[in-house]
1. Could you tell me how many of the residues in segment 100-112 are open to solvent by 10 Å² or more (accessible area, probe 1.4 Å) and either touching a residue at least 12 places away in the same chain (Cβ under 8 Å) or in contact with a helix residue (DSSP H, G or I) (Cβ under 9 Å, 6 or more places away or on another chain) (or both)?
2. Residue check, T159 against (1) open to solvent by 40 Å² or more (accessible area, probe 1.4 Å); (2) of a type in the set (V, I, T); (3) in contact with a Ser or Thr (Cβ under 9 Å, 6 or more places away or on another chain), all met but one. Which one?
3. Consider segment 127-170. How many of its residues are closer than 24 Å to K115 by Cα, in a loop (DSSP other than H, G, I, E, B) and without any contact (Cβ under 8 Å) to a residue 60 or more places away in the chain?
4. Listed residues S27, S31, S65; which is assigned to a helix (DSSP H, G or I) and more than 16 Å from G124 (Cα to Cα)?
5. State whether the residues of segment 74-87 include one that is part of a helix (DSSP H, G or I), surrounded by 20 or more Cβ atoms within 10 Å (Cβ to Cβ) and at pLDDT below 95.
6. Which residues, taken from segment 181-195, are more than 16 Å from the chain's Cα centre (by Cα), touching a residue at least 12 places away in the same chain (Cβ under 8 Å) and part of a loop (DSSP other than H, G, I, E, B)?
7. Looking at segment 204-259, which of the residues that are farther than 30 Å from I72 by Cα and of a type in the set (K, R) is least open to solvent (accessible area, probe 1.4 Å)?
8. Of everything in segment 222-243, what is touching a strand residue (DSSP E or B) at 6+ places or on another chain (Cβ under 9 Å), in a helix (DSSP H, G or I) and within 23 Å of P210 (Cβ to Cβ)? Give them in sequence order.
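The values are calculated or read from the model by the stated rules, or taken from the named source; none is laboratory data. Bear in mind the structure is a predicted one, so any value in this text is a computation, not a measurement. Quick reminder, even Gly has a Cβ in these numbers, built from the backbone with ideal geometry, and neighbours come from all protein chains shown. Side chains are part of the model used for accessible areas, which takes the heavy atoms of the whole protein and leaves out ligands, DNA and RNA. Shrake-Rupley method; radii C 1.70, N 1.55, O 1.52, S 1.80 Å.
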Amino acid sequence: MNRCLVLQSEVQSFIEKCMVATGAKPSHAKSLADVLVEGDCRGHYSHGLNRMDMYVKDIQTGICSKDGEPIIEKESVATALVNGENVLGPVVGNFCMDLAIKKAKDVGIGWVVAKGSNHYGIAGYYAMQALKQDMIGMSYTNTSPLVVPTRARDCTLGTNPISVAAPANDGDSFVLDMATSAVALGKVELHHRSGDTIPEGWGCDSHGKPSTDPGKVLSGGGLLPIGGCEATGGYKGFGLGMMVEVFCGILAGSHYSKHIRTWKVTDSVANLVWSEIHHLMG
């Protein structure tokens, strides 16, 4: 495999130009570029430039809106329900994080749930925004059904990531950013593209049997929850994925589980949902 070194600024500019060329607002294009570049810089190559073609196609097909801005449908001093108006996920994510931080500054905690959104990149990007304000940040999102639950063979849950970021002394911090599946789908895609097998416990075939063939996982199979099969604790990952589904799709009164569109199928809007929470440190 040939490798080359590209300046971060060049990647940022490339993403922004591509998105603007498809019709996205310059500010929206920048929001997307910021999170994709951060994903690559933090080693989440499955959620960096690797994902840009998906965002381009969503704008080109009109399945993701290139106009509009998120709106607040309902709020209290500490909570809010946001409608993302089907714009690019990072635009909605930044809007919600800014709102949650403001509420946390005012009353000590801010919990914002968004619906009507799209793929927003790495969850950790949003949780880490709290660190700049000396706050604890949490971010969760549901996704298209890609995970096969314990004792099943059909995908009914998303990778449903969890991210928590907490500040520490001397500029240090704790940051957790993980899928509730054993691995993100993008990592299976990268192995398939390079012709490599995947570790056992990452995914299963169409019969629900664990498989190390990324092709079988991507064609009729699915990802396994954290822990892999039942004998190694996969039901715990399944439970965490369900928790995220409750925090997101169900709490927002929106789509969840198999009601969310199939991954990369653009015959309907994604209508993804997430929860973002900030707590002011004492």
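1. Matching residues across segment 100-112 total 8.
2. (1)
3. Matching residues across segment 127-170 total 0.
4. When all the criteria are applied, what remains is S27.
5. Scanning segment 74-87 turns up no residue that is part of a helix (DSSP H, G or I), surrounded by 20 or more Cβ atoms within 10 Å (Cβ to Cβ) and at pLDDT below 95.
6. Hits for segment 181-195: nothing passes.
7. Out of the qualifying residues, it is K216.
8. Hits for segment 222-243 are G234, Y235, K236, G237, F238, G239, L240, G241, M242.
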